[in-house]
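**Student:** This is the structure I have questions about; it appears just below.
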Amino acid sequence: MKSRVYIGPTISMETAVALGPLNDYYPPIKRGDLDFAIQDNVERVIIIDGVFYQDLSVSLDEIRDAIHAGIEIWGASSMGALRAVEAGPLGMYGWGKVYQMYKSGQIDSDDAVALVFDERYKPLSEPLVNIISALDFLSACDVISSEEAHEIKSYVEHLYYPERTFFDCFDHIDWRCSKIDKILSILNTTRYLWDIKLQDAITLLSRLTLE
C-alpha cells in the first residue's frame, strides 16, 4: 500500500524509517498537503505531526475530501490524534494514548500537544501531555512526591505552550540545582518510558507496517 507519513518533532526520521521503511515521510502536515496526496494516488496517510500556529493547519474539509477520494487516514500522537477525534465521524482512524485522552475529554485544547521546534524539528519545549506523563512516571518511581507532581501539573497547565520546559517546571518549586539536574538526567535516559507521543507514533507505525 502506498503510504505517506507526516512526522516532525514527535519522532525522528531515523526512528520512523527503521519502523516503516516502505513509507514515504514528509514534514508536519499543513493546509493543502492532502490535495497533493490525492494527486499522487496515495492510498494511506498517517498523520503524526502537523503545524498548529506556524502555518494553516490541515482542515476537516480536506480530510473529508481525501477519504472520499479513497485514502485511508490514520492519526496519532499530536495533530494526528486531535484531528482523528474531530474527523472520526468522517471515517478517519485514531490510535494511541493521546488520541484516547482527546476522545475521553481528558484533554480538549490544541496546545496540550503543541510545542516549538527548530528548522530540524528538534523540540525546544515539551508538550503538556508529555509533561503530565513524565510527572506520573517520576511519582511512580518515588523520584518526586505525588504532591509535588500535582503542584507542577497545576502550574504548567497555565503556561503558554512555548514556555513549557522541564527546567521551568522544576525551577518553579525552588528545588536545588543539583536535584533538578538529577531529575533531568533521569528523564533524558528514560524518554521511551514516559513520552506518550513518541510511544503512540512507534506503535502505530509498527502496526501498519506489519499489515
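**Student:** For the chain, what does the helix formula give at 222 nm: sum of -39500 (n - 2.57) over DSSP H segments with n ≥ 4, over the residue count, nearest 500 deg cm²/dmol? Kindly include the intermediate steps, with their values, before the conclusion.
**Tutor:** Numbers: 11 runs with 102 residues, N = 211.
For the chain, the value works out to -14000 deg cm²/dmol.
**Student:** Can you give the convex hull volume of the alpha carbon atoms of the chain per residue, in Å³?
**Tutor:** 119 Å³
**Student:** When 1/r is averaged over all different Cα pairs and the result inverted, which Kirkwood radius in Å belongs to the range 128-194?
**Tutor:** 11.9 Å
**Student:** Report the net charge of residues surrounding G94, where surrounding means a beta-carbon distance below 9 angstrom and charges are Lys +1, Arg +1, Asp -1, Glu -1.
**Tutor:** +2
**Student:** Let me ask something else about it. Helix 128-140 versus the longest principal axis of the chain: what angle, 0 to 90°, nearest 10, using Cα atoms?
**Tutor:** With both axes taken from Cα atoms, the answer is about 50 degrees.
**Student:** A further question on this structure: Of I180, I144, how do they rank once you tally other Cβ atoms within 10 Å and put the fewest first?
**Tutor:** Ranked by crowding around the Cβ, least crowded first: I180, I144.
**Student:** Let me ask another. Please identify which residues in the range 178-199 have an amide N closer than 18 Å to a label point set 7 Å out from the Cα of T15, following the Cα→Cβ vector.
**Tutor:** 184-199
**Student:** Expected output is a single nm value to one decimal: the length gained when fully extending between L22 and R191, i.e. 0.36 nm times separation in residues minus the C-alpha distance. What is it?
**Tutor:** Going from the current span to full extension adds 58.2 nm.
**Student:** Using alpha-carbon pairs under 8 Å, 6+ residues apart, how would you state the relative contact order of the chain in percent?
**Tutor:** On the way: 340 pairs, mean separation 40.5, N = 211.
With pairs under 8 Å counted, the relative contact order is 19 percent.
**Student:** Here's another thing I want to ask about it. Taking neighbour counts of Cβ atoms within 10 Å as a proxy for exposure, in what order, fewest first, do C169, C141 appear?
**Tutor:** C141, C169
**Student:** Follow-up question, since we're still on this one. Could you please report the charge total around K197, scoring K, R as +1 and D, E as -1 over all other residues with beta-carbon less than 15 angstrom from its beta-carbon?
**Tutor:** Net local charge, K197 excluded: -2.
**Student:** Within 10 Å, count the other beta carbons around each residue, average over each peptide in 82-91, 115-124, and list them highest first.
**Tutor:** Put in order of decreasing packing, that is 82-91, 115-124.
**Student:** Describe numerically, in nm with one decimal, the distance between label points set 7 Å from Cα along Cα→Cβ at V143 and at T203.
**Tutor:** In this crude label model, V143 to T203 measures out at 2.1 nm.
A short reminder: the numbers here are calculations on the coordinates, not readings from a lab. All figures in this text were calculated on a predicted structure; none of them were measured in a lab. Ideal geometry is used to build each Cβ from the backbone, glycine not excepted, and the neighbour counts take in all protein chains shown.
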